[in-house]
Structures are given as C-alpha cells and as structure tokens.
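These notes concern the structure reproduced below.
What follows is calculated from the coordinates using simple rules that are stated; it is not laboratory data. Please read all numbers here as calculations on a predicted model, not as lab measurements. Heads up, the Cβs are rebuilt from the backbone with ideal geometry, glycines too, and the neighbour counts pull from every protein chain shown.
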Amino acid sequence: MEQQQPEQFERVRFPRQGEVLGVVEQLLGFAKMRVKCLDGKTRICRVPGRLTKSLWVREGDVVLIQPWEIQHEDRGDVIYKYRKTQIGVLRTKGFLKEMESEL
C-alpha cells in the first residue's frame, strides 16, 4: 500500500511593477537567452551573477524578467523560474492568456 504524501503548498511569485513574464525561446550561451515576453517584445536576457549557480534555465521555461533601465526594450535579467505547478496557478489567475499558444 502506497502512502500518499501531503501536498506541499508554496507561494507563487506574481509579477510586480516593472516585471514581465516570458518564455525562453533560445539559449545563447554564457548565461544569456532569447525570451519572448508577455508584452510582445523579444529580449536578450541574462541570469545575474548572484543566481548563476542556483537558477538553471532551459528552452520552453516560463520565467520572470526584470527589464533593464537603459535598454528596457531589448535587454533584461531573469530573476525567477516557475515550476509546473506554479504555471498552473498563473494560468488560473489569468496571467498567461496571451501566451497559451507557446506553452
């Protein structure tokens, strides 16, 4: 008989002011990637140095982007990667309506 483990609830990080959701399109190397953002722009994003060892990103992952202040149309930093259960919560809350075809 298998024992069922209780579900673990964890908080989902929603986008704050100035942050954008996106899907990783292509890995470019050296902790850089091309991300299709929810606002319709494609940005070249990087994983900041403080997160390089703890944040592993693959193509197709849903990530949270902090656009740069200077080149906010073209560049940004990846600050969070969502798990599968968290993506489900984002869908039910309506954050991923524009990106349903890409997921």
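Between residue 70 and residue 34, residue separation times 0.36 nm minus the direct Cα-Cα distance comes to 11.2 nm. Among 84-96, 61-73, sorting by the average number of other beta carbon atoms lying within 10 angstrom of each residue, highest first, gives 61-73, 84-96.
Using the Cβ-Cβ distance between residue 53 and residue 14 with R0 set to 22 Å, the FRET efficiency from 1/(1 + (r/R0)^6) comes to roughly 0.30. Using a/c under 1.5 as the rounded threshold, could you call segment 47-103 rounded, prolate or oblate? The axes a ≥ b ≥ c are square roots of the C-alpha gyration tensor eigenvalues, and prolate needs a/b larger than b/c, oblate otherwise. Oblate, since a/c reaches 1.5 and b/c is not below a/b. Estimated translational diffusion coefficient (Stokes-Einstein, Kirkwood radius over Cα pairs, 25 °C, 0.890 mPa s) of the chain: 170 µm² per second.
So what's the angle, to the nearest 10 degrees on a 0 to 90 scale, between helix 84-93 and the longest Cα principal axis of the chain? That works out to roughly 80 degrees. Within straight-line reach of residue 84, meaning a Cα separation under 19 Å, sit the following lysines at least 8 residues removed in sequence or on another chain: 36, 93, 97.
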